Number of protein chains: 2
Amino acid sequence: MSEHVEPPICVLGLGLIGGSLLRAAVAAGRTAWGYNRSADPVRDAVADGFDATSDLRSALVRAREGNALIVVAVPMPAVDAVLAAVAEHAPGCPLTDVVSVKAPVAAAVARVGLTERYVGGHPMAGTADSGWGASFAELFNDAVWVVAAEDGADPAVWSAVTRLALACGSVVIPAESNEHDRAVARISHLPHVLAEALATSGAAGGDLALGLAAGSFRDGTRVAATAPDLVRAMCEANADALLDALDETLAVLAAARETLAAGSLADLVGAGFDARQRYEKAERWDITGIVPGDIGWLEAFRDAGRRGGALRAL
Amino acid sequence: MSEHVEPPICVLGLGLIGGSLLRAAVAAGRTAWGYNRSADPVRDAVADGFDATSDLRSALVRAREGNALIVVAVPMPAVDAVLAAVAEHAPGCPLTDVVSVKAPVAAAVARVGLTERYVGGHPMAGTADSGWGASFAELFNDAVWVVAAEDGADPAVWSAVTRLALACGSVVIPAESNEHDRAVARISHLPHVLAEALATSGAAGGDLALGLAAGSFRDGTRVAATAPDLVRAMCEANADALLDALDETLAVLAAARETLAAGSLADLVGAGFDARQRYEKAERWDITGIVPGDIGWLEAFRDAGRRGGALRAL
């Protein structure tokens, strides 16, 4: 591989993810600065020794001058406003994001005409806490970081985003945005919906039911303890894919209901057991030998991601 | 309280629960013996120093002669046959069981005319393993043991069953059989059904989805790793109550689906979060001052169980 000059990093939004990213980028030796709309996180970040501002324009002018990789790290409802500022002040910079849903962000990027320099990302890491105060550089260690592999992606931007994720300690799984959104609907958003429903059913049984609850209920409802605003933001931003996953599950449960009424849960239990075994035995393998920019590189990365591969180096 | 002469214990079935009960009863100083239909567990129990036989008749004749408390610890499909033998050889003995569903066992007991001397039980303890080899005396330590509080229950039998549960290290929650079955449908059987459905949905997303799965999926599908036969036996034996709980949950999920299609998951997420908070904050309190046999004792115990109380002593 040739030697790369890694771009500086401009992080827009200093919450748990953006704050941790600023810390991780600096820890990895990058020049990096952050912007946050509200002043308190900026003051705290500066007090912690980081380069941060609440002046979006100045953060972006600096990005333009240094050709920084801009990372959008604000919640979905704030994405449009931040992208409009990027389009105004730094339209030529490489651009990525760390929002938990990819197709809606890609659509917002397209609306401001920045698709050419954009490659979406999603580090699958988090804690129950939020804000700069909860951020830490090691949040992304050994996490999975999805990097969007859309047709037309710029190989240089794709490589820069991937190298940032790797520098933060994550492995990179390449995936097309819609495939990512459908996958996380199944394995992240649907679990939250089912946990909320299960918790509701348990509480409807009153103190007797809650008093008898043991491990299966405790584990099955754990994520229902997540702050409601976070769960809503995550699920509602991915509503289309989540509706598909939920409809599929409603059909599976309705079919199980009919077999149970006839005396058997064999089909559901057999399928569920096999599925969990497949999950437990799934092994991530290393993607190697695919070079961004080579003919067919995006399809090759997408195919590798679909088959359980991940990049540990680029 | 007056001094009690504790009855000997005759355990019918030496699997995980029955075997552990035999061990715990002996550890608590009781005279106890066990029966198992297949010879291997009997041989192993004897080798471990316990009194065990594969001759059901002799075990029951001995129970009759010593007025033992008989504990039915066989799986639901074997309950009828074992109860028929009890009715033939030891119809006057106090009788309980440790099966995970209560109304169907009570119905089976009624069919052989043993209701008068029967008080059902359900120690809510278990492991992923089964059989005598997996049994251990401490299985019931700090577990919840439901003791059925049906109208007409014999106070002496009720007390004997409760004292056995307490001697094994459990706390006792009194509950009417149907209420127990409905409660465990919500907090034990429904979690299994939802875990199976969630696992199925994740695997349907292929290696990409399974590769992105993190904590919410792992916890939400944990009990889908349980042996399918055990899940089926548990859920199918409690089909009526589980169908009610499942229908209720299907309605909750269908309503959430409609609000999500309109852009919001607020109702589901709010209710689920509140329910999980209620579960986390639920505190068991000690039932005291209710004496078996006093006027209204069963209703008083049932009411206390409904309100989250448990017996730690009798």
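The values are calculated or read from the model by the stated rules, or taken from the named source; none is laboratory data. Computed from a prediction, not measured in an experiment: that's the story for all the values here. Here the Cβ is made from the backbone with ideal geometry for all residues, glycine too, and neighbour counts use every protein chain on show. Keep in mind that these areas ignore ligands, DNA and RNA; they rest on the heavy atoms of the full protein, side chains included. Shrake-Rupley method; radii C 1.70, N 1.55, O 1.52, S 1.80 Å.
Here are some notes:
- Counted residues, the stretch A:267-280 - those being at the interface with chain B (Cβ under 7 Å from one of its Cβ atoms) and over 24 Å from the mean Cα position of the chain (by Cα): 6
- Residue count, the stretch A:72-103 (criterion: touching a Lys or Arg at 6+ places or on another chain (Cβ under 7 Å) and either within 24 Å of residue A:179 (Cβ to Cβ) or basic (Lys, Arg) (or both)): 2
- The set of residues from the stretch A:145-178 being of a type in the set (Val, Ile, Thr) and in contact with a Leu (Cβ under 6 Å, 6 or more places away or on another chain) comprises A:162, A:172.
- Matching option when the condition is more than 28 Å from the chain's Cα centre (by Cα) and either within 23 Å of residue B:143 (Cα to Cα) or facing chain A (nearest Cβ under 7 Å) (or both), among B:289, B:206: B:206
- For residue B:115, the conditions (1) under 15 Å from residue B:158 (Cβ atoms); (2) under 14 Å from the mean Cα position of the chain (by Cα) are fulfilled apart from (2).
- Filtered residues of the stretch A:267-302 (kept if open to solvent by less than 60 Å² (accessible area, probe 1.4 Å) and over 25 Å from residue B:222 (Cβ atoms)): A:287, A:290, A:292, A:293, A:296, A:297, A:298, A:300, A:301, A:302
- Among the conditions (1) touching a residue at least 12 places away in the same chain (Cβ under 8 Å); (2) under 15 Å from residue B:272 (Cβ atoms); (3) under 30 Å from the mean Cα position of the chain (by Cα), the only one that residue A:283 does not satisfy is (2).
- Residue B:61 in contact with a His (Cβ under 7 Å, 6 or more places away or on another chain) and in the same structural domain as residue B:133 (by TED's automatic domain parsing): yes
- Of the candidates B:59, B:73, B:87, the single residue that is surrounded by fewer than 24 Cβ atoms within 10 Å (Cβ to Cβ) and among the aliphatic types (A, V, I, L, M) is B:87.
- Matching option when the condition is more than 27 Å from residue B:206 (Cβ to Cβ), open to solvent by 10 Å² or more (accessible area, probe 1.4 Å), free of Cβ contacts under 8 Å to residues at least 24 places away in the same chain and in contact with a helix residue (DSSP H, G or I) (Cβ under 7 Å, 6 or more places away or on another chain), among A:209, A:203: A:203
- Qualifying residue in the stretch B:44-52 (condition: open to solvent by less than 60 Å² (accessible area, probe 1.4 Å), assigned to a helix (DSSP H, G or I), among the aliphatic types (A, V, I, L, M) and over 27 Å from residue B:116 (Cβ atoms)): yes
- For the stretch A:209-226, taking the residues that are in a helix (DSSP H, G or I) and touching a Phe, Trp or Tyr at 6+ places or on another chain (Cβ under 9 Å), the one that is nearest to residue B:176 (Cα to Cα) is identified as A:209.
A quick yes/no check of all residues on (1) surrounded by fewer than 24 Cβ atoms within 10 Å (Cβ to Cβ); (2) facing another protein chain (nearest Cβ under 7 Å); (3) touching a residue at least 40 places away in the same chain (Cβ under 8 Å):
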| site | (1), (2), (3) |
| --- | --- |
| A:215 | yes, no, no |
| A:218 | yes, no, no |
| A:224 | no, yes, no |
| A:228 | yes, yes, no |
| A:237 | yes, no, yes |
| A:246 | no, yes, yes |
| A:249 | yes, yes, yes |
| A:261 | yes, yes, no |
| A:265 | no, yes, no |
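- Some residue of the stretch B:20-31 being over 30 Å from residue B:288 (Cα atoms) and modelled with pLDDT of 95 or more: no
- Some residue of the stretch B:70-83 being within 22 Å of residue B:136 (Cα to Cα), free of Cβ contacts under 8 Å to residues at least 24 places away in the same chain and not in a loop (DSSP other than H, G, I, E, B): no
- Within the stretch A:21-47, the residues that satisfy the criterion of being among the hydroxyl-bearing types (Ser, Thr, Tyr) and under 16 Å from residue A:69 (Cβ atoms) are A:31, A:35.
- Hits in the stretch A:189-200 - residues which are open to solvent by less than 20 Å² (accessible area, probe 1.4 Å) and at the interface with chain B (Cβ under 7 Å from one of its Cβ atoms): A:190, A:191, A:192, A:193, A:194, A:195, A:196, A:197, A:198, A:199
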